[in-house]
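The values are calculated or read from the model by the stated rules, or taken from the named source; none is laboratory data. The model shown is predicted, which means the values in this text are computed figures rather than measured ones. Counting neighbours? That spans all protein chains shown, and the Cβs are built from the backbone with ideal geometry, glycine included. Only protein heavy atoms, including side chains, enter the accessible area calculation; ligands, DNA and RNA are left aside. Shrake-Rupley method; radii C 1.70, N 1.55, O 1.52, S 1.80 Å.
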Amino acid sequence: RSSSGRKADSIEIFRSQTMIPTITAFAHSPDRGRGQARDMRVRWALEEVGQPYDVRLVSFEDMKQPAHRALQPFGQIPTYEEDGLVLFETGAIVLRIAERHAGLLPGDANARARAISWMFCALNTMEPPILDRQVAIFMEGNESWHEQRLPKVDGRIRDRLGELSIRLGDADWLDGDFSAGDLLMVTVLRRLNMSGLLRDYPNLDAYVTRGEARPAFRRAFAAQLAVFTAASAGR
Ligand code: GTB
């Protein structure tokens, strides 16, 4: 590769690190600031790597308008805009941040690939049954079969938690140092905070607490809570 190619690459990396990205988040988060909406994982990743960011708050109505759907085809938050690049899907956004900054993926190529496996695992293996539980509670609560369905959903979550718990063992993080895999896994598991299900897996409970104790998590949490607090004060 020519030296001008290398120079162009380093200018590109420099530009992407100096441009302030903009994310979108709920103007009125239904979780009342508990950090359960998915902008939380993007905020946390940006805080971990020390990248400042701007937030554009969107109402439920705004999210379904063509202008927002041009960024997020499904009319959802969060989105991520950075110097002409528009991304949706929190997995892709966190991966982009992790690839462009030090701190969220290991330098060794194989360790990096394993960390990315844990990112997919969080979103593809752990999150689906956990999401099912939220659908069962918030959208199917009045259905005649709700009482029969919930224990089945919980059973599937317990299966996954049991397997993950065995793999984590007494380690602090899933594979060596904290990575984007842990970041996504903690945000997925903490969706169960109110359910009581994590209590039966003390190492996973402690893992979530360990993630939530990270200074970057706390800054991200405070930032999203401030949106809710300001919106409530203005009501
Ligand atoms: N796969 C996409 C991604 O990971 O980026 C999913 C994005 C998504 O589900 N966004 C949700 C959304 O915009 C917000 S995070 N929903 C509005 C809509 O679809 O119309 C999901 C969420 C919402 C609320 C809570 N809560 O109240 O606790 C928790 C999580």
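Taking the range 29-112, which chymotrypsin sites (Phe, Trp or Tyr not before Pro) meet the DSSP loop condition and have no more than 16 other C-beta atoms within 10 Å?
74
Give me the accessible area per residue for the chain, probe 1.4 Å, as a whole number in Å².
Normalised by residue count, the accessible surface of the chain is 53 Å².
Over the chain, what is the percentage of antiparallel beta bridges among all DSSP beta bridges, to the nearest 5?
Within the chain, antiparallel bridges account for around 55 percent of the total.
Give the dimensionless ratio obtained when the Cα radius of gyration of the range 114-186 is divided by 2.2 N^0.38 Å.
1.29
Just to be sure I understand the curve: with the Debye formula and one point per C-alpha of the range 145-235, what is log10 I(q)/I(0) at q = 0.21, 0.22, 0.25 Å⁻¹?
-1.02, -1.07, -1.25
Using DSSP to call loops (not H, G, I, E or B), can you name the chymotrypsin sites (Phe, Trp or Tyr not before Pro) in the range 105-168 whose Cβ has at most 11 other Cβ atoms within 10 angstrom?
Sites meeting the loop and neighbour criteria: 145.
In Å, the Kirkwood hydrodynamic radius of the chain over pairs of distinct alpha carbons?
By the Kirkwood definition, the hydrodynamic radius is 19.1 Å.
Distance between the C-alpha centers of the range 89-129 and the range 53-73? Whole Å please.
For the range 89-129 versus the range 53-73, the Cα centre distance is 25 Å.
So, taking all protein chains as they sit and a 1.4 Å probe, how much accessible area belongs to residue 63, in Å² rounded to tens?
Surface accessible to solvent at residue 63 totals approximately 10 Å².
For the range 84-235, with all protein chains present and a 1.4 Å probe, just round the carbon and sulfur fraction of the accessible area to a whole percent.
On the range 84-235, the fraction of accessible area on carbon and sulfur atoms equals 53 percent.
In a GNM of the chain with a 10 Å cut-off on Cα contacts, which of 131, 184, 85 has the highest mean-square fluctuation?
85
Can you give me the relative contact order of the range 59-165 as a percent, contacts being Cα pairs under 8 Å and 6 or more apart?
13 percent
Which value, in debye to the nearest 20, gives the size of the charge dipole of the chain about its Cα centre, when Lys and Arg are +1 and Asp and Glu are -1 at the Cβ?
About 240 debye.
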